[in-house]
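Please read the structure below before turning to the comments.
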Amino acid sequence: MKENNQIAIDSKNFAIRIVRLYNYLNDVKKEFVMSKQILRSGTSVGANISESVFAQSRQDFISKLSISLKEASETKFWLEILHETDFINDVQFDSLYEDNSKLIGTLVNIINSTKNNNNV
């Protein structure tokens, strides 16, 4: 599953960026509530993708990736809120938002192809 390995790498790199964003929001912006929310959702994307590697069934695999998709959607929401309230600037937002959008697109493709190819 070459595609799954790439998304695992991409989601881990995204999680690292989210941890750094969390530290920035806490240390520089003194923002402590939304930063925890985006930390939870942004790192959960990769954690669930990692769990999917050892899924017990195709349905479990789809379930783990669906949770990742939901978490990525929540992360999108928090990025938008942080940007629109000026906690992150345009450059920070655009970069993180683009990476998150790529994860969402890849997750949708993997979930759909798994459902279609395996009659799940």
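The values are calculated or read from the model by the stated rules, or taken from the named source; none is laboratory data. Keep in mind that what you see is a predicted model, and the values were worked out from it rather than measured. Glycine also receives a Cβ, built like all others from the backbone with ideal geometry; neighbour counts cover every protein chain displayed. Only protein heavy atoms, including side chains, enter the accessible area calculation; ligands, DNA and RNA are left aside. Shrake-Rupley method; radii C 1.70, N 1.55, O 1.52, S 1.80 Å.
What to note about this one:
- Of all residues making up the range 4-52, the number that are over 16 Å from the mean Cα position of the chain (by Cα) and open to solvent by 50 Å² or more (accessible area, probe 1.4 Å): 8
- In the set (1) over 10 Å from the mean Cα position of the chain (by Cα); (2) open to solvent by less than 60 Å² (accessible area, probe 1.4 Å), the condition left unmet by residue 59 is number (2).
- Taking first residues from the range 37-65 that are free of Cβ contacts under 8 Å to residues at least 40 places away in the same chain and partners that are outside any helix (DSSP H, G or I) and open to solvent by less than 40 Å² (accessible area, probe 1.4 Å), the Cβ contacts under 6 Å between residues at least 6 apart in sequence or on separate chains come to 64/55.
- Taking the numbered list (1) surrounded by fewer than 12 Cβ atoms within 10 Å (Cβ to Cβ); (2) not in a helix (DSSP H, G or I) in turn, residue 98 passes all entries but (2).
- Listed by first and then second residue, the pairs linking a residue in the range 72-93 that is open to solvent by 50 Å² or more (accessible area, probe 1.4 Å) to a residue that is modelled with pLDDT of 95 or more and not in a helix (DSSP H, G or I), with Cβ atoms under 7 Å apart and 6 or more places separating them unless they lie on different chains, are 87/29; 87/31.
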